[in-house]
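Student: This is the structure I want to talk about, given as structure tokens.
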Amino acid sequence: MNDLKKIPLHVAMIMDGNGRWAAAKGKDRVEGHIEGVRSIRVITEEAVKYGIRYVSFFAFSEENWARPEGEVSALMNLMLKSVQEEVETLVRNNVRFKAIGNRERLPLPLQTAIGDLEKMTEFNTALTMSVFLSYSGKWDISQAALKMAAAGDDDLEKYLSTRGMPDPDLIIRTSGEQRISNFLLWQAAYSEFVFTDTLWPDFREDGFRAALEEYAGRDRRYGKVNY
Ligand code: IPE
Ligand code: IPE
Ligand code: MG
């Protein structure tokens with residue numbers, strides 16, 4: 001586990017390809033989302049083993065509300081069920097849970113369940129797991145700008161929904177797409193990107209390790225000269 005030259009403090013993931021995974025198996029798209037939740041569980045447990053301190057999962061974008069109503073409600077139900085079922089795993093692994101995004105748009109029972117899970121795990125210290133729900137990077141920057149202006153302040157970072165969390169060192173996107181799709185626009189300023197063709201439901205221990213190995217070989221310069 002710990003033979004890697006460097007381990008990122010914060011890994012963020014754009015979990016893409018659930019629908020294509022299901023289609024390739026002749027299944028309903030929702031089956032892909034269900035299998036995708038299993039990947040979240042596996043990756044979270046792996047992250048604890050690697051000593052990673054923050055993992056972030058992009059689960060539902062503000063733009064995803066425009067999907068067919070049946071898929072949106074299936075996703076909301078699945079998220080509610082997962083949040084209710086994950087308590088035990090998170091407590092056992094000393095994981096703190098956070099939900100980030102425009103939470104008011106979520107169905108009330110889901111809002112309540114994520115609030116409860118946040119409370120139940122708030123003192124866990126091994127890893128902080130953030131699930132981005134109804135999230136948009138542009139929304140985050142504009143809501144932060146409004147709050148900052150109202151406070152007469154000039155430090156935008158303080159008002160981002162990710163305040164208190166380090167920026168992601170590594171952003172992984174599955175399914176072969178190479179775009180950010182309105183994820184962490186501000187916070188990704190100096191993130192390393194790893195793109196993999198693996199579809200999210202198939203992204204497990206080996207794919208995660210390969211991404212960490214690729215990250216370990218990267219030379220981060222932050223605009224400076226390193227030699
Ligand atoms: C990612 O899988 C999950 C969400 C965006 C909710 P997709 O549902 O986007 O799967 P593809 O891209 O259609 O294969
Ligand atoms: C990005 O996936 C959003 C999430 C993973 C939640 P999408 O499937 O929505 O992205 P696009 O539409 O291919 O850019
Ligand atoms: Mg997609």
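Only the coordinates and a few stated rules stand behind these numbers; no lab work does. What you see is a predicted model; the values in this text were computed from it and never measured. Every residue, glycine as well, gets a Cβ built from its backbone with ideal geometry; the counts of neighbours run over all protein chains shown.
Student: Quick one: what are the phi-derived ³J(HN,Hα) couplings along the range 26-43, Karplus 6.51/-1.76/1.60 with θ = phi - 60°, whole Hz, x for glycine and proline?
Tutor: x, 9, 6, 3, 4, 4, x, 5, 4, 5, x, 5, 5, 4, 4, 5, 4, 5
Student: Using only helices, what value at 222 nm comes out for the chain when you add -39,500 (n - 2.57) per DSSP H run of length 4 or more and divide by the total residues, to the nearest 500 deg cm²/dmol? Please report the intermediate quantities before stating the final value.
Tutor: Numbers: 7 runs with 92 residues, N = 227.
Mean residue ellipticity at 222 nm (helix-derived): -13000 deg cm²/dmol.
Student: Now, a different point. Check cross-link reach from residue 81 to the aspartates and glutamates: straight Cα distance under 17 Å, and skip same-chain residues fewer than eight apart.
Tutor: 31, 35, 71, 116, 118
Student: Tell me which of 70, 145, 120 sits at the most positive position along the dipole axis of the chain, charges placed on C-beta atoms (Lys, Arg +1; Asp, Glu -1).
Tutor: Most positive-ward Cα: 145.
Student: Here is a further query. Straight distance only, please: which lysines reach the Cα of residue 147 with their own Cα at less than 17 Å, same-chain residues fewer than 8 apart left out?
Tutor: 138, 158
Student: Same structure, new question: Quick check on packing: order 164-175, 88-99 by the mean number of other C-beta atoms within 10 Å, highest mean leading. If you can, show how the numbers build up before the last one.
Tutor: Working: 164-175: 20.9, 88-99: 16.9.
Those peptides, ordered most packed to least, come out 164-175, 88-99.
Student: Per residue of the range 49-59, in order, report the coupling 6.51 cos²θ - 1.76 cosθ + 1.60 (Karplus, θ = phi - 60°) as ³J(HN,Hα) in whole Hz, putting x for Gly and Pro.
Tutor: 5, 7, x, 6, 9, 9, 10, 10, 10, 7, 9
Student: Ok, one more. About its Cα centre, what dipole magnitude does the range 1-130 give when the only charges are +1 on Lys and Arg Cβ and -1 on Asp and Glu Cβ, stated in debye to the nearest 20? Write down the numbers at each step before the final one.
Tutor: On the way: 18 positive and 18 negative charges, 77 e Å.
For the range 1-130, the charge dipole is close to 360 debye.
Student: So which residue, out of 38, 209, 67, gets the largest mean-square fluctuation from a GNM of the chain using Cα contacts under 10 Å as springs?
Tutor: Checking each option, the largest mean-square fluctuation is seen for 67.
Student: In debye to the nearest 20, how big a dipole does the chain give about its Cα centre with +1 on each Lys and Arg Cβ and -1 on each Asp and Glu Cβ?
Tutor: On the way: 30 positive and 34 negative charges, 47 e Å.
Its charge dipole is roughly 220 debye.
Student: Using θ = phi - 60° and the Karplus form 6.51 cos²θ - 1.76 cosθ + 1.60, what ³J(HN,Hα) does each residue of the range 69-75 get, whole Hz, x for Gly and Pro?
Tutor: 3J(HN,Hα) across the range 69-75, in whole Hz: 3, x, 5, 4, 6, 4, 5.
Student: Could you give the dipole magnitude of the range 69-161 about its Cα centre, charging the beta-carbon of Lys and Arg +1 and that of Asp and Glu -1, in debye to the nearest 20?
Tutor: 80 debye
Student: As an exercise, use a Förster radius of 45 Å and the Cβ-Cβ distance of residue 87 and residue 224 to find the FRET efficiency, rounded to the nearest 0.05.
Tutor: The pair residue 87/residue 224 has a calculated efficiency of 0.55.
Student: Rule-of-thumb check for the chain: C-alpha Rg over 2.2 N^0.38 Å? Working shown, then result.
Tutor: Details: Rg = 17.4 Å, N = 227, 2.2 N^0.38 = 17.3 Å.
Output field value: 1.01.
Student: While we're looking at this one, here's another question. Taking the Kirkwood radius as the inverse of the mean 1/r across Cα pairs, report the Rg/Rh of the range 46-124. The partial results should precede the final answer.
Tutor: Values: Rg = 13.5 Å, Rh = 13.7 Å.
Ratio of gyration radius to Kirkwood radius: 0.99.
Student: May I pose another question? Sequence-distant or interchain residues sharing an amide H contact under 5 Å with residue 56, placed H: which?
Tutor: Under 5 Å from the amide H of residue 56: 11, 12, 13, 130.
Student: Would you mind calculating the gained length between residue 67 and residue 206 on full extension (0.36 nm times residue separation, minus the Cα-Cα distance), in nm to one decimal?
Tutor: Numbers: separation 139, 0.36 × 139 = 50.04 nm, distance 3.11 nm.
Result for the pair: 46.9 nm of gain on full extension.
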